[in-house]
Amino acid sequence: GENVEQHPSTLSVQEGDSAVIKCTYSDSASNYFPWYKQELGKRPQLIIDIRSNVGEKKDQRIAVTLNKTAKHFSLHITETQPEDSAVYFCAASKGGSNYKLTFGKGTLLTVNP
Amino acid sequence: GAGVSQSPSNKVTEKGKDVELRCDPISGHTALYWYRQSLGQGLEFLIYFQGNSAPDKSGLPSDRFSAERTGGSVSTLTIQRTQQEDSAVYLCASSGTGVEQYFGPGTRLTVT
């Protein structure tokens with residue numbers, strides 16, 4: 001089955017700096033890649049997603065890039081703010097009639113003021 | 001509108017007891033997923049329901065776990081003869097015509 005690796009497991013940055021989280025996947029049939037943000041004690045929230053027919057997608061300070069050949073995708077957060085501090089999860093799905101997600105282990109992002 | 005809701009928010013049970021966890025998806029969402037989040041394993045897929053199709057049970061860790069979805073809406077996840085390794089947060093998610101999955105707040109299960 002699908003395997004998703006996520007790095008780093010923890011990331012500490014200064015406010016205003018950029019943060020990058022990287023994920024690799026094993027199943028070349030995967031075609032949907034969402035990113036979730038989870039604050040302590042809260043539910044995971046979808047922040048951005050990308051499909052395999054697109055190489056990059058941007059939403060304000062957040063962007064995701066996808067390299068299908070290398071089977072990796074990355075989350076980029078620019079101008080980080082303390083409220084960006086949370087655990088971020090990447091995930092992959094093969095889609096079709098079943099979008100069950102395989103998640104990475106998560107990255108704890110800390111933005112220091 | 002209302003998001004995905006789950007109940008109870010917390011459940012403490014003794015080893016060997018059965019538990020039922022409930023999920024109310026977003027109204028009109030035909031797809032419903034259960035995931036488990038534990039410290040050592042991250043977020044793991046358990047089961048998927050889509051309309052009247054047969055559910056995808058491929059993620060259920062043992063035959064002590066089962067789930068049903070009545071009337072295409074509410075779903076119940078049942079764990080029989082609970083074990084300590086079942087302690088985790090059980091998350092439900094639903095999606096509609098799009099692929100985006102929206103999560104509920106989860107049920108934290110503690111088996112003592």
Return the total of residues in the range B:84-112 being surrounded by 13 or more Cβ atoms within 10 Å (Cβ to Cβ) and more than 14 Å from every other protein chain (Cβ to nearest Cβ). 5
Quick one: which strands (runs of 3 or more DSSP E) sit completely within the range A:56-111 and have at least 1 residues that are among the hydrophobic types (A, V, I, L, M, F, W, C) and within 15 Å of the chain's Cα centre (by Cα)? A:62-67, A:72-77, A:86-92
For the range B:60-83, what are the residues that are within 23 Å of B:Gly3 (Cβ to Cβ) and away from chain A (no Cβ under 14 Å)? B:Glu68, B:Arg69, B:Thr70, B:Gly71, B:Gly72, B:Ser73, B:Val74, B:Ser75, B:Thr76, B:Leu77
Would you confirm whether or not the range B:22-40 contains a residue that is surrounded by fewer than 14 Cβ atoms within 10 Å (Cβ to Cβ) and either more than 11 Å from every other protein chain (Cβ to nearest Cβ) or modelled with pLDDT of 95 or more (or both)? yes
Could you tell me which numbered condition A:Ala63 fails, if it satisfies all but one of (1) away from chain B (no Cβ under 14 Å); (2) modelled with pLDDT under 95? (2)
Scanning the range B:62-79 for residues that are surrounded by 14 or more Cβ atoms within 10 Å (Cβ to Cβ) and in contact (Cβ under 8 Å) with a residue 60 or more places away in the chain gives B:Ile79
The range A:60-75, residues that are surrounded by 14 or more Cβ atoms within 10 Å (Cβ to Cβ) and of a type in the set (S, T, N, Q): A:Thr65, A:Ser74
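Which residues, counting only those in the range A:1-44, are of a type in the set (S, T, N, Q) and within 11 Å of chain B (Cβ to nearest Cβ)?
Narrowing the range A:1-44 to residues of a type in the set (S, T, N, Q): A:3, A:6, A:9-10, A:12, A:14, A:18, A:24, A:26, A:28, A:30-31, A:38.
Matches in the range A:1-44: A:Gln6, A:Ser9, A:Asn31, A:Gln38.
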Determine which single condition A:Thr78 fails, assuming it passes every other condition in (1) buried (at least 16 other Cβ atoms within 10 Å of the Cβ); (2) closer than 20 Å to A:Ser18 by Cβ; (3) in contact (Cβ under 8 Å) with a residue 40 or more places away in the chain. (1)
Scanning the range A:87-113 for residues that are away from chain B (no Cβ under 14 Å) and closer than 18 Å to A:Pro44 by Cα, the one surrounded by the most Cβ atoms within 10 Å (Cβ to Cβ) turns out to be A:Leu109
List the residue pairs whose Cβ atoms are under 9 Å apart, where the first residue sits in the range B:88-110 and is without any contact (Cβ under 8 Å) to a residue 24 or more places away in the chain, the second is among the polar types (S, T, N, Q) and not in a loop (DSSP other than H, G, I, E, B), and the two are 6 or more positions apart or on different chains. B:Val99/A:Ser93
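The values are calculated or read from the model by the stated rules, or taken from the named source; none is laboratory data. Since the structure is predicted, the reported quantities are computational estimates derived from the model, not experimental observations. Cβ sites come from the backbone with ideal geometry, for glycine too, and all protein chains shown count toward neighbours.
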